[in-house]
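Everything on this sheet refers to the single structure shown next.
The values are calculated or read from the model by the stated rules, or taken from the named source; none is laboratory data. Predicted model, so just to flag it, every value in this text is computed and none were measured. All Cβ positions, glycine included, derive from the backbone under ideal geometry; neighbour counts span all protein chains shown. Ligands, DNA and RNA are stripped out before the accessible areas are found, and what is left, the full protein with its side chains, is counted by its heavy atoms. Shrake-Rupley method; radii C 1.70, N 1.55, O 1.52, S 1.80 Å.
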Amino acid sequence: MLLVMGLGMQMPFWHDDLCAAFASAGFAVARFDNRDVGESTHLRGTPSLPAVMTVPQAVARYRISDMAADAAAVLDALGWASAHVLGTSMGGMIAQALAIEHPARVRSLTSVMSTPSPRVGRPTLGAAGALAARPARTADEAAERVVATFRVIGSPGYPLDEDWLRRYGRLAFARGHDPGGARRQLAAINASPSRVAGLRGVRVPTLVVHGEADPLVRPSGGRATAAAVPGARLMTFPAWGTTSRAGCGRR
């Protein structure tokens, strides 16, 4: 099973307990840093937020398709011909593109709190504002920033594990702090075309999971994903937002 993380988040955000649960179910599990975060390759230059939102094609250094090719390269490095692919948020977009553009590599697709197009499921103003906050300058600031973000975009019906989020924030700061990385990833999201037409050709078992209270990728994104893939199963959860602890929520 290949786990693909979301915007600006590093692979430790896939919680160890979740990976252990998948392994106990019989999966070999791999998680990795997307480009521009953590210990992966980092590009240079930080596009302005207004440009990312209004003219992303002019400032994006790459697209979601390029990140899907990265995921295929991870499979190559592992020696895996194919895998069950689970992606969350931006990772769901990457997983969708992998299933469309590299269909032989995907055994099943699970798209969590994601969307097939940046024009579907757009964030609320509050959620967008939380992601646009000033970058952290220290590990402690990074820890508090993660907590503050998930207080806005997290699940209102479930407790927030603030201690775990702070530990993650400090670890992520130490592993590869790059304030421009998430901005470059966001440019890639906004510059990428809709995947709806491509998803209509996906023929692997597909599960779409979405929170009904998600303010970052609103539920229309999950519904559009499920509607596009023939035979896809859609599961939604009340009072579930953009979940912490590896996209699983604390339930």
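Annotations for the structure displayed:
- Single condition residue 150 does not satisfy, out of (1) in a strand (DSSP E or B); (2) crowded, with 18+ Cβ neighbours inside 10 Å: (1)
- Qualifying residue in region 121-139 (condition: more than 26 Å from residue 56 (Cα to Cα) and not in a loop (DSSP other than H, G, I, E, B)): yes
- Taking the numbered list (1) out of contact with any Pro (no Cβ under 7 Å at 6 or more places or on another chain); (2) surrounded by fewer than 17 Cβ atoms within 10 Å (Cβ to Cβ) in turn, residue 124 passes all entries but (1).
- Some residue of region 186-198 being open to solvent by 30 Å² or more (accessible area, probe 1.4 Å) and of a type in the set (D, E, K, R): no
- Residues that are in contact with a helix residue (DSSP H, G or I) (Cβ under 9 Å, 6 or more places away or on another chain) and either assigned to a helix (DSSP H, G or I) or closer than 21 Å to residue 67 by Cα (or both), drawn from region 12-31: 12, 13, 29, 30, 31
- Residue 98 being assigned to a strand (DSSP E or B) and either touching a strand residue (DSSP E or B) at 6+ places or on another chain (Cβ under 9 Å) or surrounded by 22 or more Cβ atoms within 10 Å (Cβ to Cβ) (or both): no
- If you go through region 32-70 and keep only what is within 21 Å of residue 122 (Cβ to Cβ), assigned to a helix (DSSP H, G or I), touching a helix residue (DSSP H, G or I) at 6+ places or on another chain (Cβ under 6 Å) and among the hydrophobic types (A, V, I, L, M, F, W, C), you end up with 51, 52, 59, 64, 67.
- Qualifying residue in region 199-206 (condition: part of a helix (DSSP H, G or I) and either closer than 27 Å to residue 56 by Cβ or among the charged types (D, E, K, R) (or both)): yes
- The number of residues in region 207-232 being assigned to a strand (DSSP E or B), more than 20 Å from residue 101 (Cα to Cα) and of a type in the set (A, V, I, L, M, F, W, C) comes to 1.
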